[in-house]
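Below is one structure; the comments refer to it alone.
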Amino acid sequence: MFCPVMGKTMVISTGELENTFTGMIKMNEPSVKIWKWIEKGLERNEIYTIYAKTYDIDMELAKSEVDCVIEKMKAAGVFE
């Protein structure tokens, strides 16, 4: 669940996730966008393309940054 805290976007655990994840994650703007695109059901390749266009970067850098964010979210147990 997204929660604004003092001008920052935080993710806090709800539901069954509360059993394994008890903290909060501070997210920057690109991370929030990636999260929302995932929630919309976009495929990873679609996310790469949108991310590259949004931040005016090449596709390789977009892939690297998107993958990094997703892996950090997985490592935190926020989603599979």
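Read-outs throughout are calculated quantities, based only on the coordinates presented, and are distinct from any laboratory measurement. Bear in mind the structure is a predicted one, so any value in this text is a computation, not a measurement. We place every Cβ from the backbone using ideal geometry, glycine too, and count neighbours over all the protein chains shown.
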- With each label point set 7 Å from Cα along the Cα-Cβ vector, what nm distance links Arg44 and Val32? 2.6
- Message: Give me the one-decimal nm value for the distance between modelled label points at Asp56 and Cys68, 7 Å along each residue's Cα-to-Cβ direction.
- Response: 2.0
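How do 58-67, 38-47 rank on mean C-beta neighbours within 10 Å, highest first? Numbers along the way, then the final one.
Details: 58-67: 15.0, 38-47: 12.6.
Peptide ranking by packing, descending: 58-67, 38-47.
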- Query: Running Debye on segment 27-80 with equal point scatterers at the Cα sites and no solvent, what base-10 log of I(q)/I(0) appears at q = 0.13, 0.24, 0.28, 0.29 Å⁻¹?
  - Reply: -0.27, -0.92, -1.22, -1.29
